[in-house]
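Q: Let me give you the structure first, and then I'll get to my questions.
Just so it is clear, none of the values below were taken in a lab; they were calculated from the coordinates. A quick note: this is a predicted structure, and the numbers were derived from the prediction, not measured. Here Cβ is always computed from backbone atoms with ideal geometry, including for glycine, and neighbour counts include all displayed protein chains.
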Amino acid sequence: MASDFQIAALWISGSLSYLEQLCLVSFRDAGHHVKLYTYEKVGGIPEGIEVADANDVLPQENFLLHARTGSPALHSDIFRYKLLEQQDRTIWADTDAYCVKRFETPNGHFYGWESDTHVNGGVLGLPKDSDTLRELLEFTEDEYAIPSWYGEEYERELIEKREAGTPVHAGEQPWGVWGPHAITHFLHKTGEIKYAQPRHGLYPFSFKERRLMLKPDTKIKNYIKKETYSVHFYGRRMRARLIERENGVPHPDSLIGQLLKKHKVDPSAAPLKPRPPVEPKVTEVDVQPIPASAKYGRGQLNLTDLADKYGSDKGSTKHRYTELYNMLFQPYRNRKINFLEMGLQIGGPEHGKSVDRQTTDLPSVRMWLEYFNTANIFGLDVSDFSWFEADRFKFVRCDMEKRENIDDATSTLDELDIIIDDASHASHHQQNAFLSLFPKLKSGGLYIIEDLRWQPKAYERDNITKTADVFQGYLADGIFNNADAEIANEMNTLREDISGCFVFQARYLKRRRDQVVVVHKR
């Protein structure tokens, strides 16, 4: 039975040429519903193609461009990943992908090898629960993320530049860093590479063979097989060749010429035009980034400096939580407060490590002890940190899988002023902790949950609503909703004690996914 996957594509601006029209109608004529996302009014859209607002998927803010070419490829990469995360039964297709036959997949995975080493993302189907999709979304959240797939030497170079205060933006990294190179890497990492189609499935003509699609004597049957679903036209280069070598129109007996006749697309009605380069936005002055070392020690004691000093990922090298915390916690700094953090060292069971792993450091605890110079610091973790001894610090071991475990582990603790949940990040663990510990928070206290956008596969349950969605629903409607009615009811009993709630996106950029929630107790 034929699948009913819709096809989604993006055209950022300007009118469609006959080449894009041909690709879109090929999917329509194969029986697919086709949805074209745009950021502005676009001319030349064929009949039968649904037009949708691209801002609903990814707002047109801080448009990411490739530095060397000015191409919006980085934005397009993120766009397709977010679209696949949001839409069911959807396959992405670039506007230079031609549909040979209706796309079918039994499991939502639909992509193919372009070469012996890389899977291309020009046609991309990933189901919502795909581990590869999760990895891609996670990696592209950070514009300065360091790819590991170009070798140790390049990785080391990027790390050194980041540590020197001059991190390298994705737009200055190799072409395809967020596209085919990242896709191929994470497909291998997750094992989902096994679903990739052979080269003749989606890319029967390689990039170097693209000119053969314009030659009338090319033996098409040598390339397009019975199993071929799509042909990639390599749009930017194909448009340039057509304009420079073919007077803008392919030979009528070439592959593209024959396809234009088949789908009744008139090249003269939507001629090719050289696309003006997209100029990257630049500032009027050349301002260089300030190295973290230059900021250290300036003004009052700064929590970000301490995070970087002790190697905590809450600092400038990764999450930047300390920029928020320094503002929130400053009034508490010299007070004798009770402070609890759950999750004390990265790399625990949520990352596949043993619960009884050998722990080696408590970077954030060291940070808190120096920052809060008279506070009592309590640490809770499923692994053992009892070896760490310090004045004003107490460790409690606890498995957060069950509420009673948390209740027992914290039964002797005094009322708390600040609680931070940086434990497993599993939704039900986060919600278990909130239900057990928010009542132990003092009036005026702060309850913080970190890393809302990542949940570990080893722990996450299908029947629990994501914590980010739970709190976003509360912000929108004043009510906690959850797939688990019991959890929803219990959380709603706490509403009268909540005086404020804020959700912040990753690295505080609005276009990114939710990352941290702060709840203030009445």
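Q: Pull up all non-local amide H partners of Leu272: gap of 5 or more, or a different chain, and H-to-H distance under 5 Å with H placed in the peptide plane.
A: It is Tyr18, by chain and number.
Q: Applying 1/(1 + (r/R0)^6) with R0 = 30 Å to the Cβ-Cβ distance of Asp469 and Val355, what FRET efficiency is obtained, to the nearest 0.05?
A: With R0 = 30 Å, the Cβ-Cβ based efficiency is 0.60.
Q: Give a residue-ordered list of calculated ³J(HN,Hα) values for region 162-167 (Karplus: 6.51 cos²θ - 1.76 cosθ + 1.60, θ = phi - 60°; whole Hz; x for Gly, Pro).
A: Values per residue, Gly and Pro as x: 5, 5, 7, x, 10, x Hz.
Q: Of the peptides 8-20, 345-357, how do they stack up when ordered by the mean number of other Cβ atoms within 10 Å, highest first?
A: By packing density, highest mean first, the sequence is 8-20, 345-357.
Q: Taking the highest mean first, how do the peptides 468-477, 108-117 order by number of other beta carbon atoms within 10 angstrom per residue?
A: Values: 468-477: 16.5, 108-117: 18.5.
Top to bottom by mean Cβ count within 10 Å: 108-117, 468-477.
Q: Over region 99-213, what portion of Cα pair distances is larger than 26 Å, expressed as a whole percent?
A: Taking all Cα-Cα pairs of region 99-213, the fraction more than 26 Å apart is 28 percent.
Q: Can I ask one more? How far apart, in nanometres, would the label points at Ser443 and Arg245 be if each is projected 7 angstrom from Cα along the Cα-to-Cβ direction?
A: Spacing of the two 7 Å Cα→Cβ label points: 7.9 nm.
Q: Leu509 versus Asn107, label points 7 Å from Cα toward the beta carbon: distance in nm?
A: Distance between the two pseudo-spin positions: 3.2 nm.
Q: Any idea how far the Cα center of region 413-491 sits from the one of region 173-231, in Å?
A: About 44 Å separates the Cα centre of region 413-491 from the one of region 173-231.
Q: Give the Cα extents of region 368-426 along the principal axes, in whole Å, largest first.
A: That works out to 33, 25, 22 Å along the principal axes.
Q: A further question on this structure: What full-extension length gain, to one decimal in nm, is calculated for Leu328 and Lys219 as 0.36 nm per residue of separation minus the Cα-Cα distance?
A: Details: separation 109, 0.36 × 109 = 39.24 nm, distance 6.84 nm.
Net length gain for the segment: 32.4 nm.
Q: Taking amide H positions as placed 1.01 Å from N in the peptide plane, with prolines and chain starts having none, which residues 5 or more places from Gly125, or on another chain, fall under 5 Å of its amide H?
A: Close amide H contacts, sequence-distant or interchain: Trp92, Phe110, Tyr111.
Q: Right, next: For region 295-521, what proportion of DSSP beta bridges, expressed in % and rounded to the nearest 5, is antiparallel? List each step's numbers first, then the result.
A: Details: 11 of 30 bridges.
Of all bridge pairs located within region 295-521, approximately 35 percent are antiparallel.
Q: With a cut-off of 8 Å between alpha carbons and a minimum separation of six or more residues, what is the relative contact order of the chain in percent?
A: 10
Q: Assign unit charges at the C-beta atoms only (+1 for Lys and Arg, -1 for Asp and Glu), then state the dipole size of the chain relative to its Cα centre in Debye, rounded to the nearest 20.
A: Details: 67 positive and 77 negative charges, 405 e Å.
Approximately 1940 debye in magnitude.
Q: With only alpha-carbon atoms counted, please give the Rg and Dmax of region 6-197, in Å.
A: 17.0, 55
Q: Which value, to two decimals, describes the C-alpha radius of gyration of region 316-465 once divided by 2.2 N^0.38 Å?
A: 1.00
Q: Give, in nm to one decimal, the length gained when the segment between Ser411 and Arg397 is fully stretched (0.36 nm per residue of separation minus the Cα-Cα distance). Can you show the working numbers first?
A: On the way: separation 14, 0.36 × 14 = 5.04 nm, distance 1.26 nm.
Contour length minus Cα-Cα distance gives 3.8 nm.
Q: In nm, to one decimal, how far is the modelled label at Lys161 from the one at Arg298, with both set 7 Å along Cα→Cβ?
A: The answer from the label model is 2.3 nm.
Q: How many angstrom separate the Cα center of region 334-392 from the Cα center of region 69-123?
A: Centre-to-centre distance over Cα atoms comes out at 43 Å.
Q: Normalised by the number of residues in region 300-386, what is the relative contact order in percent for Cα pairs under 8 Å and 6+ residues apart?
A: 33
Q: Another question, then. Report the antiparallel proportion of the DSSP beta bridges in the chain as a percent, rounded to a multiple of 5.
A: Details: 19 of 51 bridges.
Roughly 35 percent of the beta bridges in the chain run antiparallel, per DSSP.
Q: Over all directions, the average projected area of the alpha-carbon convex hull for the chain comes to how many nm²?
A: Computed as one quarter of the Cα hull surface, the answer is 27.4 nm².
Q: Still on this structure, please answer the following. Compare the Cα positions of Leu416, Gln330, Ser312 along the charge dipole of the chain (+1 at Cβ of Lys, Arg; -1 at Cβ of Asp, Glu; about the Cα centre) and return the one farthest towards the positive end.
A: Highest projection toward the positive end goes to Ser312.
Q: To the nearest 20 Debye, how big is the dipole of region 6-197 about its Cα centre, given +1 on the beta carbon of each Lys and Arg and -1 on that of each Asp and Glu?
A: 540
Q: Using 0.36 nm times the number of residues separating Glu209 and Gln60, minus their current alpha carbon distance, what extension gain do you get?
A: 50.2 nm
Q: How big is the charge dipole of region 159-223 about its Cα centre, in debye rounded to the nearest 20, if each Lys and Arg gets +1 on its Cβ and each Asp and Glu gets -1 on its Cβ? Mind showing how you got there, number by number?
A: Values: 11 positive and 6 negative charges, 95 e Å.
My answer is approximately 460 debye.
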